[in-house]
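Enquirer: One structure is given below, represented as structure tokens, and several questions about it will come after.
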10 protein chains.
Amino acid sequence: MIPEITVKLLKAKREKGLTFAELGQLIGQSEVFTAAVFYRQATATADQVQQLSKALELPESELVELMIYPVKGLGSTVPTDPLIYRFYEIIQVYGLPLKDVIQEKFGDGIMSAIDFTLDVEKIEDPAGARVKVIMNGKFLPYKKW
Amino acid sequence: MIPEITVKLLKAKREKGLTFAELGQLIGQSEVFTAAVFYRQATATADQVQQLSKALELPESELVELMIYPVKGLGSTVPTDPLIYRFYEIIQVYGLPLKDVIQEKFGDGIMSAIDFTLDVEKIEDPAGARVKVIMNGKFLPYKKW
Amino acid sequence: MIPEITVKLLKAKREKGLTFAELGQLIGQSEVFTAAVFYRQATATADQVQQLSKALELPESELVELMIYPVKGLGSTVPTDPLIYRFYEIIQVYGLPLKDVIQEKFGDGIMSAIDFTLDVEKIEDPAGARVKVIMNGKFLPYKKW
Amino acid sequence: MIPEITVKLLKAKREKGLTFAELGQLIGQSEVFTAAVFYRQATATADQVQQLSKALELPESELVELMIYPVKGLGSTVPTDPLIYRFYEIIQVYGLPLKDVIQEKFGDGIMSAIDFTLDVEKIEDPAGARVKVIMNGKFLPYKKW
Amino acid sequence: MIPEITVKLLKAKREKGLTFAELGQLIGQSEVFTAAVFYRQATATADQVQQLSKALELPESELVELMIYPVKGLGSTVPTDPLIYRFYEIIQVYGLPLKDVIQEKFGDGIMSAIDFTLDVEKIEDPAGARVKVIMNGKFLPYKKW
Amino acid sequence: MIPEITVKLLKAKREKGLTFAELGQLIGQSEVFTAAVFYRQATATADQVQQLSKALELPESELVELMIYPVKGLGSTVPTDPLIYRFYEIIQVYGLPLKDVIQEKFGDGIMSAIDFTLDVEKIEDPAGARVKVIMNGKFLPYKKW
Amino acid sequence: MIPEITVKLLKAKREKGLTFAELGQLIGQSEVFTAAVFYRQATATADQVQQLSKALELPESELVELMIYPVKGLGSTVPTDPLIYRFYEIIQVYGLPLKDVIQEKFGDGIMSAIDFTLDVEKIEDPAGARVKVIMNGKFLPYKKW
Amino acid sequence: MIPEITVKLLKAKREKGLTFAELGQLIGQSEVFTAAVFYRQATATADQVQQLSKALELPESELVELMIYPVKGLGSTVPTDPLIYRFYEIIQVYGLPLKDVIQEKFGDGIMSAIDFTLDVEKIEDPAGARVKVIMNGKFLPYKKW
Amino acid sequence: MIPEITVKLLKAKREKGLTFAELGQLIGQSEVFTAAVFYRQATATADQVQQLSKALELPESELVELMIYPVKGLGSTVPTDPLIYRFYEIIQVYGLPLKDVIQEKFGDGIMSAIDFTLDVEKIEDPAGARVKVIMNGKFLPYKKW
Amino acid sequence: MIPEITVKLLKAKREKGLTFAELGQLIGQSEVFTAAVFYRQATATADQVQQLSKALELPESELVELMIYPVKGLGSTVPTDPLIYRFYEIIQVYGLPLKDVIQEKFGDGIMSAIDFTLDVEKIEDPAGARVKVIMNGKFLPYKKW
């Protein structure tokens, strides 16, 4: 499931002790986007490949693969990994309510998953840290023709 | 798929010209949670039932159903509705990167989908309005026993 | 699978001997979009409901349902109807080549299925009439963030 | 999923800096068909294999595989790649309306996916480029026997 | 799964003691096609509806439904009925060999399931009667464009 | 999906320029059965292995695999290859009518897919060649006990 | 899932306090076959319908349905009922060994599920009663043609 | 799907010309159980491994794998192999009648598939040999607590 | 999905303000078993039906349905309800480790789900109450025959 | 399905004759958790890796893989292994009753599968040993926002 290049990148990242945030800063992208490049769900530019090659000490010739448009997707229909499943559950439970609220605010259409950003923040809290996930996508109204 | 009570509630809401935000204010909840109550994905208290009964002019005896713990979930494994599908696609494309970033920040564990809030904001933008979806869930570290 | 309102609309259309093209002209939409309104895959405006009510002699109170945002989708994962299946087969056979050609011309991104039009033309041909289906969707480049 | 020969062809194409349109011109085919040959969804003739061998500097002995009738199809039932999924979504949302419009125009039958062409055009537009996909298939009326 | 009109037609046929062959002769079609009309997998003409109405003593107004283009297909992905399953098994076991033999004889293309006839014959045999199923479809060569 | 031995056999067959009909004659079987042996859906005898070994110039020691009873079946539940799919579609569309016609002629039971032959003929026709597929299976009446 | 007529038959059987063995004796069939008639998985003759009508005091006009050839099958792909699942598990665990033993004894072919009987016996045993299920089907060798 | 060790065992068994019955006698087990050991659906003891090692002339060090508890099961949800499928069909067609007959005889509970034996006999018959499959499992009544 | 009788029982239970523990005490069963009777996953005796009839003030004639052996099972393959899903996730994550530990302690075999009890306890804890689920099933060693 | 490192660990454990309980004591964890580490469903600390390396005489450099957060899950949707399936069956049969009992005791919410322990005990019993599985998870009440 996970591409070979991803395994190599993750291993090098661990050995260098670098975070996605640090690598993201190097290539001028957010940490989630940087991780998406690692997992071949997003493409890198030639410059970014060069930066990653230097930072991770991996030959640039191998990393050029990151510039090719990938066939995207997780693979399994219902994710079994508990962390990923929770997001699937959120769709199962809150999918219809979310749809109704968005349509009430915006009309018939969708939130783009392409003109879209995704960020994760850690919120410290005495009752236990919280994960804040922020999705921000352009609203696309249904064209009527 | 959609329960009968939901259809009744949505119809009454439309006739009264009320928004989820307005109804949410009445029952002291956010608009997404209020919509989740409508779709039988969350439960209401006796007080909230009373408030909704008054606001929507629906008999309280019918709305007590909203207090019963529902069997939750959307039904279809892969949602076909385009608005809901985009959230499924986000899991397909960004699920693994998201997992890696959360684990880098928090360690082995998950974002709770129970101790969890979900909010939608409309961001005005000259290039077209944007949908901002904010998920906020407690981080739960894996217990080692 | 097919909503009750759809059955009523199709029956009235047949009895009146009207085509989707004629009905589309009345409501200022293309014939495919008009058919999509019939099948509850697209929403109509109040004016359009009024026009359809008159043309099909169906009570406006029933047709207001056409203004509600539907939960969209065909239902079956792999369509069994031969006419619809051929379009599924086109994705199976030409999906990857199509992806590669679009990406070569436009870069990483997708053709929108929301800011999108779909038209059908009949091409007369001595060897047998041909169906021309024209899809026209805005290209959405992947946002990098 | 993607055959080894496809990977080789795509790599050589990239190194030579050739487009599907240029390669298509060499072998006298459209760019989508040429891409379909690359992905083993269409077969090439001996002449075309020779042309591709020269243009891509790949041994002809390897490319003869392109002449063998492939077992066609994408593999995954519901495509997860966003670009390909949009075409699946179009079937989900507009499948039944499309069926009805085609049948209204042509009677009971189907659009052939075999006696069929598929073309992609880039439409420049100040609001953003648009993807135009033209499908053109022979109408096949149901034989009554 | 089986439409109501089908149940009515089959019941009337049984009461009249008519065979598909006899009904087929009345409407000028083969017995399999006539059965396909009963099961809403093929459409009848106005004349045929009239003939069936008379023969089966069912009101013509009910039988006009047989003229509407149906959404075709059996429903279940893998048929569980043993008689139907055997045909599915034939595809599982002989699908690839059949493909190869047809391609060897005809080149790249398919047997049409639209310009197609299907007949059943009973072959008496001392070792037990045999079922002969004859499929006859136009060969459609893949168009290269 | 396709066994290694199949690939070898098909390659040798192509190099020798032999057809399934010619190979079938050598081993005293029909062409479809011969293809089924190639695809490991039917077993060969020791004599037939010897004949194939000579004709295809492949070591007999490799071809003895053809004598082992295989685990049969195509693999994919719904075949995506267009040629094979058409046969699946025939079951979807004509499965129930076929069942009814067979039962009308023979009573409760099935057409055997084991005591069964399958043949393909090419019918020349000015409007285009036609594929004739003849299935011939013993009728097996349901035993009542 | 369970047909209405089945529910009626089971209810009447319970009220009369009759066993499948007793009913089977009346209609000259085994108890499993008699239960299969109840569940519409096997057909009854006119005489048998008359006998059941008398024994169960149900109108013969209702029971004639039992003479119609049913569309057979359980419905769910993997049975969830524990008693039925155990038989599914036996196929999962012992399917391949069983296949190999049968083939060793009989050659390439199958055990018929049509020319087939199925019986259940109760074996008293001090360690707890045992269920003995005896399947007896004709061996059908693969025809080579 | 089939483990490597199974392929080795089957090959050695063929070369030695041994049957499952003969091997079973050596290790003091029935032929089906012995086949189940081959297919890694049942475990062997150290003694049995030694016996098999000698009889099949395979190094004992390789066969110790047969003592490890396997993850059991066939893999495919609906078996496509015709011999195995017939047993699946028996569940589809006779599952509910079987359940009812067992429950009538034994009460609420199941036939164990663990405290269970499975045997195959060949019944010679002038009309063609018959396969007799005998399942014998302990009845387990549902515990009420 | 949920049987009508279940809905009636749950409603009556709510109106009477009774808990499963209280009802369980009346019928001499645990609370989980009592709930299983409500959901038609376990059968009640005639006495228990009488007790429930009195306690819930529901006609005994309706409750006799609780004595009929049900077709058991939840229905959906992967449960979407979050509470039930967590148990499914435990199998996904801890299924193999659990298997290995049980086999290490007991040998090859299973924990019976029939000779089995299931209890739930509430453990008060300053950090938040805990759910304790105790499963207790007879170990069934694989019979070797 | 089972990772390579798992196979190595299990083999070494067998050779050393160590139990999960003994290994668990070494690394200060329960036996189920220790098995979960083996199967890559839980992560080990650096210290634990060192301990396992020593006890199993496997190079520490290989075992560091155990510290990486795995993508969790069993893989197959419905487990076919009988031991694991019984737990799936428990969800099918007792899932809804369990949900109702937990909700009656705790209100709307779930048992955490993260802040969770799982233990197995062997209960000696003259009628045959019993498996006791104890799940203990924090109750998480649904947050209302």
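Enquirer: Within 10 Å of each Cβ in peptide H:63-76, how many partner chain Cβ atoms are there on average? Round it to a whole number, please. Can you show the working numbers first?
Expert: Values: counts 0, 1, 1, 0, 2, 5, 11, 3, 12, 13, 13, 10, 5, 7.
That works out to 6 on average.
Enquirer: Among C:Val131, C:Val93, C:Gln103, whose Cα lies farthest out toward the positive end of the dipole of the range C:85-145, if unit charges sit on the beta carbon of Lys, Arg (+1) and Asp, Glu (-1)?
Expert: Among C:Val131, C:Val93, C:Gln103, the one farthest towards the positive end of the dipole of the range C:85-145 is C:Gln103.
Enquirer: Now a separate question. Considering every residue in F:115-123, what mean count of other chain Cβ atoms within 10 Å of its Cβ is obtained?
Expert: Values: counts 9, 11, 5, 8, 2, 9, 3, 4, 3.
Averaged over the peptide's residues, the number is 6.
Enquirer: For the range J:44-120 and the range E:66-99, compute the distance between their C-alpha centroids and round to whole Å.
Expert: Each part reduced to its Cα centre gives a spacing of 41 Å.
Enquirer: So how many Å³ per residue does the convex hull of the Cα atoms of chain G work out to? Before the final figure, lay out the partial values.
Expert: On the way: hull volume 24.6 nm³, N = 145.
Looking at chain G, the number lands at 169 Å³ per residue.
Enquirer: Given Cβ point charges of +1 (Lys, Arg) and -1 (Asp, Glu) and nothing else, what value in debye, to the nearest 20, does the dipole of chain B about its Cα centre take? Provide the component values of the computation, followed by the final result.
Expert: Working: 17 positive and 19 negative charges, 52 e Å.
Around 240 debye, computed over chain B.
Enquirer: Provide the gained length on full extension for the span C:Trp145 to C:Ile5, in nm with one decimal, where the gain is 0.36 nm per separating residue minus the Cα-Cα distance. Provide the component values of the computation, followed by the final result.
Expert: Numbers: separation 140, 0.36 × 140 = 50.40 nm, distance 4.43 nm.
Result: 46.0 nm gained on full extension.
Enquirer: Dividing the Cα convex hull volume of the range I:36-77 by residue count, how many Å³ per residue is that? Present the calculation step by step, with values, prior to reporting the outcome.
Expert: Details: hull volume 2.9 nm³, N = 42.
Taking only Cα atoms, the range I:36-77 has a hull volume of 68 Å³ per residue.
Enquirer: Moving on. Sequence gap of 8 or more, or different chains, plus Cα separation below 15 Å: how many lysine pairs satisfy both in chain C? Don't jump to the answer; show the numbers that get you there.
Expert: Values: C:Lys8/C:Lys16; C:Lys8/C:Lys54; C:Lys11/C:Lys54; C:Lys13/C:Lys54; C:Lys16/C:Lys54; C:Lys99/C:Lys138; C:Lys105/C:Lys138; C:Lys122/C:Lys132.
Taking the Cα cut-off of 15 Å, the pair count is 8.
Enquirer: For n ≥ 4 DSSP H runs only, could you compute -39500 (n - 2.57) per run for the protein assembly as shown, divide by its residues and tell me the 222 nm figure to the nearest 500?
Expert: Roughly -14500 deg cm²/dmol at 222 nm, from the helical runs in the protein assembly as shown.
Enquirer: May I ask for the Kirkwood hydrodynamic radius of the range I:75-145, worked out over all distinct Cα pairs and given in angstroms to one decimal?
Expert: 14.6 Å
Enquirer: Which residue in chain A puts its Cβ closest to the axis that rotates chain A onto chain I, and at what distance in whole Å?
Expert: A:Val78, 3
Enquirer: With an 8 Å cut-off on Cα pairs and a minimum separation of 6 or more residues, tell me the relative contact order of the range E:4-67 in percent. Let's see the in-between values first.
Expert: Numbers: 60 pairs, mean separation 21.4, N = 64.
Reported as a whole number, the value is 33 percent.
Enquirer: Scaled to the compact-protein estimate 2.2 N^0.38 Å, what is the alpha-carbon radius of gyration of the protein assembly as shown, rounded to two decimal places?
Expert: Numbers: Rg = 32.6 Å, N = 1450, 2.2 N^0.38 = 35.0 Å.
Ratio of Cα Rg to 2.2 N^0.38 Å: 0.93.
Enquirer: In addition: How much net charge surrounds G:Ala55 when only the other residues with a Cβ under 15 Å from the Cβ of G:Ala55 are counted, with Lys and Arg +1 and Asp and Glu -1? Could you put the intermediate results ahead of the total?
Expert: Details: positive: G:Lys8, G:Lys11, G:Lys13, G:Arg14, G:Lys16, G:Lys54; negative: G:Glu15, G:Glu22, G:Glu31, G:Asp47, G:Glu57, G:Glu60, G:Glu62.
So the surrounding residues net to -1.
Enquirer: Among rounded, prolate and oblate, which fits the range G:4-67 when a ≥ b ≥ c are the square roots of the eigenvalues of its C-alpha gyration tensor, a/c under 1.5 means rounded, and a/b larger than b/c means prolate? Please report the intermediate quantities before stating the final value.
Expert: Details: a/c = 1.21, a/b = 1.03, b/c = 1.18.
The shape class here is rounded.
Enquirer: Related question: Let me spell out the model: positive unit charges on the Cβ of Lys and Arg, negative unit charges on the Cβ of Asp and Glu, origin at the Cα centre of the protein assembly as shown. What dipole size does that give, in debye rounded to 20? The partial results should precede the final answer.
Expert: Details: 170 positive and 190 negative charges, 0 e Å.
For the protein assembly as shown, the charge dipole is close to 0 debye.
Enquirer: State which stretch of chain I is the longest one without any exposed GluC sites (Glu not before Pro), exposure meaning a DSSP loop state and at most 11 other Cβ atoms within 10 Å.
Expert: Numbers: sites that count: I:Glu57, I:Glu124.
So the longest stretch without any such site is I:58-123.
Values quoted throughout were computed directly from the atomic coordinates according to the rules given, and no laboratory measurement underlies them. Computed from a prediction, not measured in an experiment: that's the story for all the values here. When we count neighbours, we look across all protein chains shown, and the Cβ atoms used for this are built from the backbone with ideal geometry, even at glycine.
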